[in-house]
Each structure stands twice: as C-alpha cells, then as structure tokens.
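Below is one structure, written out as structure tokens; the observations come after it.
Please treat every number below as a calculation from the coordinates, not as lab data. The shown structure was predicted, so the numbers you read here are calculated from the model rather than taken from an experiment. As a convention, Cβ positions derive from the backbone with ideal geometry for all residues, glycine included, and neighbour counts pool all protein chains shown.
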Amino acid sequence: MKLSQIVIIFFSLLFMQSNENLIAAGGETYKNLKPGFSFEGPFGKFDRESLKRGYKVYSEVCSSCHGMKQLSYRNLSQKGGPEFSVERVKEIAADYFIIDGADEYGDPVERSRVPSDRFQAPFDNKDAAKASNNGAYPPDLSLIVKARSDGANYIYSLLSGYEEPMPDSLNIDDSLSYNPWFPGAAIAMTQPLYDEMVEYEDGTEATIKQMSYDVSNFLSWAAEPTMEERKSLGLIVMGFLIIFLFLMFFSVRRLFKDVH
Amino acid sequence: MNHDYEYTPSNGFTKWLDKRLPLMRFADENMLSFPTPKNLNYFWTFGFILTLSLVTQIITGIVLAMHYTPHVLMAFDSIEHIMRDVNYGWLIRYIHANGASMFFLAVFIHMFRSLYYGSYKEPREILWILGVVIFLLMIITAFMGYVLVWGQMSFWGATVITNLVATIPVVGESILTLLLGGFSVDNPTLNRFFSLHYLLPFVIFGVVILHIWALHVTGNNNPTGISVKDSNDTISFHPYYTVKDLFAYIVFLLMFSYFIFYNPNILGHPDNYIEADAMVTPAHIVPEWYLLPFYAILRAVPDKLMGVLLMFGSIAVLFFLPWLDTMKVRSARYRPVYKIFYFTFLISCLLLGYLGGQAPEGIYLFLSRVCTIYYFAFFLVVMPLLSRYEKPSAMPIGISNPAIDTSIEIDEVDGDLVPSANT
C-alpha cells in the first residue's frame, strides 16, 4: 500500500460520521424530515421573510415558556438576520418591560425595553419555569439548533410531528405527549402549534408545517447570527488560498526541477 | 549545497552584530542554509505545519482570553458573547476550536510518519522523546481548553477524566481534591484549568524549541532512512523546504478553512452547546475525537485502575520506542514484515478512535479489547522480535546513489542486520 492511499483512508475515516438521527419509538424509527432550508450549503443565506414570520411565531407562541437569553432586540435589525427596520425593533422592544436599577428611595424602577436589552424571559428563574410546566424545564432556545444533532431538521420534525398516531403498544404518562421525533417519544411539551394560530402580516397561510418551518429558520439564525458573514468571508478566504496554492505549486515544481 | 558553506556578514552592521550576538548567523545556519536531505516527501512538511498550528493557537487563545470569563455562572455566556458581539469573535473562536483538531490531526500524521520511517532511532532518540513530551502536554492542554467552554460535555468530560485520578491507591482521593479545588468539578476547577490552559502552550513552545534544536543537531531523517553522507545528499532549507512547506501549509489551510467557514461544529459535540448542568448527565459522555483512541483503551479494561494504567501506558510506551525497536534499518521501505505490522497498527489505532465513540458493549467492547492488546503487542512484542529476526530487503547505497548496497552483512550471531554503509 502506498502512503498516499493511507492518507486517503485516514481522512475518510476521520470525516466519516453518522448523520443518522434514528430515534426509536414504539419499535419504529423516525428519521428527521428535511424540508430544505435556504441557509444550507456554502452559499446559503437566510430567507428574511421566513425569519420575520419565525420571530412572530416565537414571540406569540414559544416565548410564553421558552426564553432566548443570548439574544437582544437589536439583533433583529442586524445584517444577516430578519433585518427588521430599526424603528420596528424599537416598537417590538417597547412592548416588554424590565426592572432596571432603583430610584432615589431605593425602590425598583420599571421601564420599557430598548433594542439593546435582552429578550424578555418568560420566567424569573428555573424553578418558576419548572413549577409552571409540570416539573419539566422548557430549555432556552438561543442555541437549541446547535445543541441538537441535525438541529434545524430536528426542530422542524419535532414541531410538525405531534399529529402522528401513537402506536397502541406504547404506554406513556398522561402528562406527556407522543412525538416520535423526540428521543424516547414521550415529550413534556404539549402540541404547541395549531393551524391559523398566528396571523402572518404577509398573508402566508399559517399551517402547522409553515409555522414549524419558519420558526426552525428563525431558531437557526438565532443560534448563529453571524452565519452569513462566516460563509461570505469563507468564500474570499478559499478563493485567496486557491490562488496562493497554484502559485506555490508552480514554485515548488520549478524549484525542485533540478534536484535529483 | 556545500557543507563547507559558512555565514559571512555582508555589511558593517551585521559584522558588528555578529561579534556581539550572532543572531543573523544563528538564523542563517538554522533556517536558511541548514542542510536538509533532498529526498524528503510531503510527510516531512508537518513539522512546519505544527509550528504554525501552535502559533495560531497561542495568538487566537490570547485574544479569546481577553473576552472570556472563567466563572461557572458566566463562562458559557461569555463564549456566546464572543460568538455574537465581539468583532470577528466567531472567527477567532472557530479557528481556536477547530485549530485544536487540526493540530492533533497534524501531530498524528507527524508521529505515524516517524513510526514508518524510523525517525526515532539512533541518533534521534532525544528528538523523539521531546516529541512525545509535546504530545502529552498537548493532550492535557486540549482537555483543559475543552472544559473552559463549560458546556455539558465540558463538565461531564472533566468529571469523568479527573475522577480517573481517584483510582490511584491511597493518595488518589487527595490528589483529586487538589486537582479539582474541591470535591467536584466547580468554579475552582474552571479557574485553575483556565490558568493552566494559558500556561501550558508556552511550556509546549519551550519544548518545541528543544525539539527543533535536537533536530538541528542530528539533521533530518529521510524516506530511505539512510544517513546523509555528503553534501550531494542535501539541499539548503531555504528556499527548497521553506517553499515546499509553505505549499503543504496552504493545502492544510484549505482543509482547515473548510471546517472554520463551512462546518465549524462538526468536530464538536452538540451537547456542548448546552450549558453545564451538574444535575443532568448526558446520555453518552465522549471526549473530543482526538482523544477517542485513548478513551477506548480506558474503557476496554474491566478494572478501573488497570484501565487508567493502560491508558497512560499507551503514551508512556512511546518513550521507550528507540529501545524497543533496535533494528538498524530505519525506513519501513526496506522492512517488508514491519510494514505489514505497521499498517495493521495504523488501522487498529483508527479503529480504536471509532470504538471510543461507541458504547462499550457487545462487539464494540470486544474489538476495543483486541485493538488494545494489539496496540501494546505492537510495541512490546512485535518490535523487539522483528528487530531480531526480520530480514530487510535490498537497499540503495545512499540517498543520491540508487545502486543496490551489496555490502550489507547479516550478523549471524544475533540475526541483527548491520548495513555497514549505514553505520
């Protein structure tokens, strides 16, 4: 075997990874659905309209239980995101309140939020969150897409997967819901989305699938707001390196021509 | 290049400097005119790549430390702050995180190259040992760096690995408490790991200088394993190998950039984007990919202490390599039997890496045990036996002379091959 072959084997083994997200549920395995997102691939960009709709779903549905502590309202207007106008973001933020410091008597002062404030959390602390949710803690969604394998597809499958009929062989606790995409198939979150639950400003029909898609898009952006910047810089870096590579290749060739 | 070549200061200033601090002479002798075998292949470019990898890690690490907060309540969020709010913070952090993987990839290739071409043999024993020291320091540094992220895998990985210390009889528990700064992984642990993670790269840097010094005393090995005889065998390091190494580095950077820009999280574990929680244990605790072979060895043994000993032993055995393999012929090119065992060893190491990521049960556990046994047998049984009984194939006389060396004698007494032209 030649050494070059070994290198190839080494690399293929290194990059070999199981992308399967097979989750057992009542004897059946459910593979993540792949609705196809515009941000996939090296040139992928977020669908701004879908991100805006996704934010609406998050703020009107998910945010009653799930926080997004890594995000500030200003992120909603920054480049590469939903790109709401700065004015719109001020309005969005002003709908929420925050206790910010104390007045001259030491009493807490409440004010409306501004774009530089973080997203408002639904609960004051983890225990309050658990107490309101049957003892289950609704995870923070800022990084949920990165914190799950094949995140965007998983979130989409999970959110749109509540209507699957439960196999008779399966017995789950009454406080839990059946969802074959959730590990173990029994999830504490009840079905969050129903048709026409939100009213989209752009007239898009708010089906469960559409809302799941939009909110998966939004959460993917939220997990990494710099993704578009990363991919576009990557293109420049790769281009530079490839040109440099050719120059160096011919330099090496010429230099070693007379070395025998 | 002429061996008799000597640096001559060209102008008044360099002449003046040369008498006081011969900096230019040192640079010239070690980086420019340094005689290097002319037949080095691309496996010899990894030393250069590794040096630059270390520098990259140190520079990005220093910048990250400016924005990172080593406190259990803030560490995770401070990294998200770097990712989201610091200018190009995402880039610096992705370079640092993937850079560690690339560093290990390069060091593995570098070590397997040594193993194939016998670069650890006389007179390069010290060079090799320093390399193993660097490798060991790299493992410790990388492990501590992974903990700083303070995700679920950081926390539970730290818990599992530090607890290995507790298996040491009598003093284990006390050492563990000292290591953790308490009775479990907590804020004091994070603080001392941060401190050490900042310190150790500079220690590595120091050992790297010794490593390169040792290299420059003995000179490079080469793919034939035959010692350099005269200046016909060598070319100057610059421009030949500076250019060739740079070319290889660009290829390396292309692969590195793919990870940074297009798949930055694939080498990590999704669970590490969940903040550390002492009350929730992940389903499978796995270390970073580059530590998986050692993790597989650890779990292959039913006894905890033995597992720990074998895991450390798997690195410790490397220190004795020059004395386990006493075959005079260096390169596997001329060792047909060694070559077979070598590639089996390579595959077995890759397999251990795969097995380290699987649950230790059934066929996985069985294969882990087979590979672990082979790992040690390769060094402790195969190498000494081959040194004694293997008959090397025909070798050329020298690097520049492809004619078959007919003067190779087999010493009948101990079966050891003594290529007279090589000693």
Evaluate the distance, in nm, between pseudo-label points positioned 7 Å from the Cα of B:Asn401 and of A:Lys257 along their respective Cα→Cβ axes.
3.0
Can you work out the PRE-style zone for A:Glu91? Point 7 Å along Cα to Cβ, and I want the residues of region A:190-219 with backbone N under 14 Å.
A:201-202
Sites matching chymotrypsin sites (Phe, Trp or Tyr not before Pro) across region A:101-162 that sit in DSSP coil, with at most 10 neighbouring C-beta atoms within 10 Å
A:Tyr105
Environment charge of B:Ala166, counting only residues whose C-beta is closer than 10 Å and scoring Lys/Arg +1, Asp/Glu -1:
0
Length-normalised contact order of chain A, Cα under 8 Å, at least 6 apart, in percent, tallies to 25
Which net charge results for the neighbourhood of B:Pro360, defined as the other residues with beta-carbon distances under 14 angstrom from its beta-carbon, given Lys and Arg at +1 and Asp and Glu at -1?
+1
Apply the Kirkwood formula to region B:195-293: the hydrodynamic radius equals the inverse of the mean of 1/r over all pairs of different alpha-carbon atoms; give it in Å with one decimal.
18.6
Counting Lys +1, Arg +1, Asp -1, Glu -1, what net charge surrounds B:Tyr240 among other residues with beta carbon under 14 Å of its beta carbon?
+2
Students often get this wrong: which residues of region A:226-254 have the backbone nitrogen under 13 Å from the point 7 angstrom along Cα-to-C-beta of A:Glu83?
A:228-229
The ratio Rg/Rh over the Cα atoms of region A:107-183, Rh being the Kirkwood inverse mean 1/r radius, stands at 1.09
Here FRET efficiency (C-beta to C-beta, B:Met31 to B:Lys391, R₀ 35 Å, nearest 0.05) is 0.30
Which value results for Rg/Rh of chain B when Rg is the Cα radius of gyration and Rh the Kirkwood radius based on the inverse mean 1/r?
1.00
Which value, to two decimals, describes the C-alpha radius of gyration of chain A once divided by 2.2 N^0.38 Å?
1.32
Given A:Trp181, A:Ile243, A:Phe39, which one lies farthest toward the positive end of the charge dipole of chain A, if we put +1 on the Cβ of every Lys and Arg and -1 on the Cβ of every Asp and Glu?
A:Ile243
Quickly work out the B:Asn263-to-A:Gln191 label distance, labels modelled 7 Å from Cα along the C-beta direction, and quote it in nm with one decimal.
3.8
Cα-based Rg / Dmax (Å) for the protein assembly as shown:
29.6, 100
For region A:142-249, report the translational diffusion coefficient in µm²/s to the nearest whole number, using Stokes-Einstein at 20 °C, 1.002 mPa s, and a Kirkwood Rh over Cα pairs.
127
In peptide A:146-155, what is the residue-averaged number of other protein chain Cβ atoms found within 10 Å of each Cβ?
3
Which residues make up the longest stretch of chain A that has no trypsin sites (Lys or Arg not before Pro) in a DSSP loop with at most 10 other Cβ atoms within 10 Å?
A:80-256
Take the cross-link list A:Lys69/A:Lys231; B:Lys38/B:Lys121; A:Lys52/A:Lys231; A:Lys79/A:Lys130; A:Lys45/A:Lys69 and give me the ones stretching past 31 Å between alpha-carbons.
A:Lys79/A:Lys130
So how long is each side of region B:36-284 along the principal axes, counting just the alpha-carbon atoms, biggest first, in Å?
66, 49, 31
Sparse-neighbour loop sites [chymotrypsin sites (Phe, Trp or Tyr not before Pro); region B:73-107; at most 15 other C-beta within 10 Å; DSSP]
B:Tyr88
Could you pull out the GluC sites (Glu not before Pro) across region B:269-363 that fall in loop regions by DSSP (anything but H, G, I, E, B) with no more than 12 other Cβ atoms inside 10 Å?
B:Glu361
